[in-house]
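Below is one structure; the comments refer to it alone.
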Amino acid sequence: MKPVHNHNFSPESLMMSYGYKPELSEGAIKCPIFQTSTFVFKNAEEGKAFFEVAYGIREQKANEELGLIYSRLNNPDLEILENRLCLWDKAEECAVFESGMSAITTVLLEFLKPGDLLLYSMPVYGGTDHFINTFLPKIGIDTLGFKPDMDENTICNLLKQTGKADKLAMIFVETPANPTNAIIDIEMCHRIANKYTTDEQKVLTAVDNTYMGPLWQHPLRHGADLVMYSATKYIGGHSDVIAGAVLGNAVLMKRVKTLRTFLGNMASPNTGWLLMRSLETLKVRMEQQAKNAEKIAAYLSAHPKVEKVYYLGLISEKSPNYDMYKRQYLSPGAMLSFDIKGGEKEAFVFLNNLKLIQLAVSLGSTESLAEHPASMTHAGIEERHRIEMGITDKLIRISAGVENHEDIVWDIDQALEKV
């Protein structure tokens, strides 16, 4: 975009043009899809210079522009997208991946080694839970879960009881939690990480911010070292692309991007282009979804067939979590879950009778979605463990879309009537 002095544009304004030079692309107003595997060097010296920086042989010089080498390392669609994503979280660097799980697993593999201890919040997304509890132990990494209602002292005592507190390397937090909307204090986790940080090892705090998207919570501002997204969700927002993202400071992100280069799990140019398109409408979509979720939650809260609604906007001012909610979140979001009176049978009757809301997993898309976490997204979690976290057979998760809220509420109403 053209340089402007004395005015700081909002991220939603910069999403249209930030980081893109039309003159480098035949004047096209939108960034084209650079569907190429490799890039040509002007001369051998340029190729050498590009590789020196890319492989960490030397640091980038002041005012030196990094060139393009190969789409596994860098591509214009990915670089411009990453620059734009940094604006929302005010991060130094961003890396985009081929899926949310690629983003999460790359972070865990890069910053954990055999003998380390990972402390994580419960519940987390089913795929994340499986990787933490099934894969990481295979490579000698110990894991320890903590519940949302545990305070700082309780968590520290839990760590002490393992006898491995000195091996703590990372605190992984998903907040709000999928699918219960339980919230975790990021600043508390940052304090715990600092407490166990030594000269030999800094304990990192990593936050999965998928439920809030880049708009409603900014973990880096609350002490997190890394923030992760399934960009499939709000960032993509149209149920037509799979992607993930990691953001943080330049030092940590250099390590993330280096491992991404050698794992080869970067997003494609086409994915980068689709996500750039989606970022242009991110704020207007998410604001409408949040308004719709508020209407849905109000309706469900008053319904006789609904036992309990899990929605951030219903956190009472008397709740011990209220101050944390007001400090950490900019909106109640657009995700909610509820316990239907009964169990799986009643939940399935409700889901099978929806007309407008789609019965599907995922979230954050333009269409409203509903699913049954216990038998779908979190089916792989051991039953006792799952029930302890509140993921019971009566729990139903709803992702509010951008439809007319009266139509969404009508659909929920008629489906509940069938129960």
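What the table below lists for this structure:
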| item | result |
| --- | --- |
| Top of Gln328, Gln289, Gln60 by mean-square fluctuation, Gaussian network on the chain, Cα under 10 Å | Gln60 |
| Which listed pairs, of Lys30/Lys233; Lys160/Lys202; Lys257/Lys291; Lys113/Lys160; Lys90/Lys233; Lys167/Lys233, have C-alpha distances above 26 Å, in listed order | Lys257/Lys291; Lys167/Lys233 |
| Loop sites in the stretch 164-245: GluC sites (Glu not before Pro), DSSP, at most 12 other Cβ within 10 Å | Glu200 |
| Nearby lysines by direct alpha-carbon distance to Lys326 (threshold 16 angstrom, same-chain neighbours under 8 apart not counted) | Lys318 |
| Relative contact order (%) - the stretch 78-156, alpha-carbon pairs under 8 angstrom, separation at least six | 25 percent |
| Sequence-distant aspartates and glutamates (8 or more away, or on other chains) whose Cα lies within less than 14 Å of Lys147 | Asp129, Glu174, Asp185, Glu388 |
| Relative contact order (percent, whole number), the chain, Cα cutoff 8 Å, 6+ residue spacing | 16 percent |
| The chain: most fluctuating residue of Ile29, Ile155, Ile104 per GNM, C-alpha cutoff 10 Å | Ile29 |
| Inter-centroid distance (Cα atoms) of the stretch 184-216 relative to the stretch 391-419, Å | 34 Å |
| Aspartates and glutamates whose Cα lies under 20 Å from that of Lys345, excluding same-chain neighbours fewer than 8 positions away | Glu307, Glu371, Glu383, Asp393, Asp411, Asp413, Glu417 |
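We did not get these values from a lab; they are worked out from the coordinates using the rules stated. None of the values given here were measured: they were computed from a predicted structure. Neighbour counts run over all protein chains shown; Cβ positions are idealised from the backbone, glycine included.
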